[in-house]
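These notes concern the structure reproduced below.
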Amino acid sequence: KTDQALALFESVLESNPNDLALYQNLIPLYAIFKNPVHVIRTSDRALYFFPGNSAIMLRAANALYALKEYSESIPFYEAYLAKNDSVFDVLKCYGLSLYFDQENVKSREILEKCFDFEQEDPILNFYLGLVCRKLSDIPKSNEYLSLAISGTKKGMTEMYHCLGQNFGLQREFEKSVKILKEAYECNPEKAEYLVEIGATYEEFKPDKKFALEYYNKYLTEVGDSAPNSKFALDRIEKIKRLQQAMKATK
């Protein structure tokens, strides 16, 4: 009965604005209702009566992080960390908030501090891989993504996908194809990976039958209305024209 609980807490707060427990209960309730505006208002009001209260700052930061309000969570995390020791989970959420807020340099700095605490957290290593790629540090990105994959029983499909893309950026196409295939095997519902495999084969294999195989497989699985169906059809047509032209010259 969260709606009733919310109304009761707000009613009691009107006559007891100095009750810290009320604010601590209201913040997660507003998060349940997916109401970031009231999470912030309640937190700010609590901090007016209890300046610098670490429990309120952390509760607000975590509630906003859970709501994916990353920009709003950052000041609360920073205020909390300014007065408290760097705990792994808090530092990790802060670093991820910075990542989602496109503060890539700062995000890498914070997430690498987390890495000093814990080297085997696959989610941490995955996002370190992503932020390093955004900062054009592909070798380091590959290291972190490989760690992320090895840290799970079977790497998450997006971990393989990102690593495969990295190898493509480095023009290591055979490695790229191998990893992209693993991404698809990890999650066959991600049919768009088939287009990337086909395009990678087309990039480095003189024999275009491999590219045709994956473009056709993609169209068979998803049909003509899929996001990359026009691209796949255009590539198939172009490869066939090229093959016909080569036969005609023989």
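Could you give every pair whose Cβ atoms fall below 7 Å, whose first residue belongs to the range 166-177 and is farther than 18 Å from L130 by Cα, and whose second residue is part of a helix (DSSP H, G or I), counting only separations of at least 6 or pairs across chains?
These pairs meet every condition: F173/T200; F173/E203; F173/F204; K175/F167; V177/I197; V177/T200; V177/Y201.
Name the residues in the range 1-34 that are out of contact with any helix residue (DSSP H, G or I) (no Cβ under 9 Å at 6 or more places or on another chain) and open to solvent by less than 80 Å² (accessible area, probe 1.4 Å), would you?
Residues satisfying the conditions are A7, S11, A21.
With the checklist (1) of a type outside the set (V, I, T); (2) closer than 18 Å to Q24 by Cβ; (3) open to solvent by 40 Å² or more (accessible area, probe 1.4 Å); (4) in a helix (DSSP H, G or I) in hand, flag the one item R108 doesn't pass.
Checking R108 against (1) of a type outside the set (V, I, T); (2) closer than 18 Å to Q24 by Cβ; (3) open to solvent by 40 Å² or more (accessible area, probe 1.4 Å); (4) in a helix (DSSP H, G or I), the one that fails is (2).
Can you tell me which of (1) buried (at least 16 other Cβ atoms within 10 Å of the Cβ); (2) more than 21 Å from L96 (Cβ to Cβ) is the one A55 doesn't meet?
Unmet condition: (1).
The values are calculated or read from the model by the stated rules, or taken from the named source; none is laboratory data. Everything numeric in this text was worked out from a predicted model, so none of it was measured. For neighbour counting, all protein chains shown are included, and Cβ atoms are generated from backbone atoms with ideal geometry for every residue, glycine included. The area values use the complete protein model at the heavy-atom level, side chains included, leaving out ligands, DNA and RNA. Shrake-Rupley method; radii C 1.70, N 1.55, O 1.52, S 1.80 Å.
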